[in-house]
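Notes follow the structure.
The values are calculated or read from the model by the stated rules, or taken from the named source; none is laboratory data. Please read these numbers as outputs of a predicted model, since none were measured by experiment. A quick note on method: Cβ atoms are made from the backbone with ideal geometry, for glycine too, and the neighbour counts reach across all protein chains shown.
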Amino acid sequence: MHYSKKKGFTPEVQSLIAEMEEKLNEPVDDGQEPKDVTEVVSEALVQKTKKNNFLVNVGVKSVATCVSAERDLQEELVVEKQISSDLRELVKTQQQQMEEMMKKFQELETARAKQEEESKKRQADTDALIKGLMSMIPGSQGTQ
C-alpha cells in the first residue's frame, strides 16, 4: 500500500511526488509552453509502473501515446523539410540550366541574324557585280 492514514505516503511515493513537482516548476525556454500536469504525471507513471492504466481509467489520453504521435509527426516534418529542400535545389539547378540555355540561344540567334545580314549583303554585291558585267556585254539589256 502506498498511503496510510498514520504514516502518509511511502518514501517511494513521496520521492515521485517531489520529482513531479520539480518538473512542473522547471523554468521553460522562450517559445515553449510549460509542462502540463497530466504530461508530468504520465511521464512519471510510465517510468515507475509496468502497465500505466491510471490516466486511461480516469479518461485522460496517455501522454506516451501523444508523445509518440508527436515524435512521428516531427520525423515526418523533418522528411518533408528535406524533400522540400531537395526540390528547391532541383528547381534552382533547373533555373540555372534554363538561363544558360536561353543565353546560348540568344547568342546563336544573334550570330544567325548577323550571318543572314552578311549573306544578304554578299548577295546584293554579287547581284550588282553580275548586273555590271551584263551591262558590258554587247547586245545585253543590263537586267536579269
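Find the residue count for the range 6-45, including only residues that are part of a loop (DSSP other than H, G, I, E, B) and not basic (Lys, Arg).
Total satisfying the criteria: 12.
Give Val46, Val37 a once-over and let me know the one that is at pLDDT 75 or above, touching a helix residue (DSSP H, G or I) at 6+ places or on another chain (Cβ under 8 Å) and closer than 22 Å to Glu12 by Cα.
Of Val46, Val37, the one residue that is at pLDDT 75 or above, touching a helix residue (DSSP H, G or I) at 6+ places or on another chain (Cβ under 8 Å) and closer than 22 Å to Glu12 by Cα is Val37.
Looking only at the range 61-82, decide whether some residue is out of contact with any Gly (no Cβ under 7 Å at 6 or more places or on another chain), modelled with pLDDT under 85 and outside any helix (DSSP H, G or I).
For the range 61-82, residues out of contact with any Gly (no Cβ under 7 Å at 6 or more places or on another chain), modelled with pLDDT under 85 and outside any helix (DSSP H, G or I): present.
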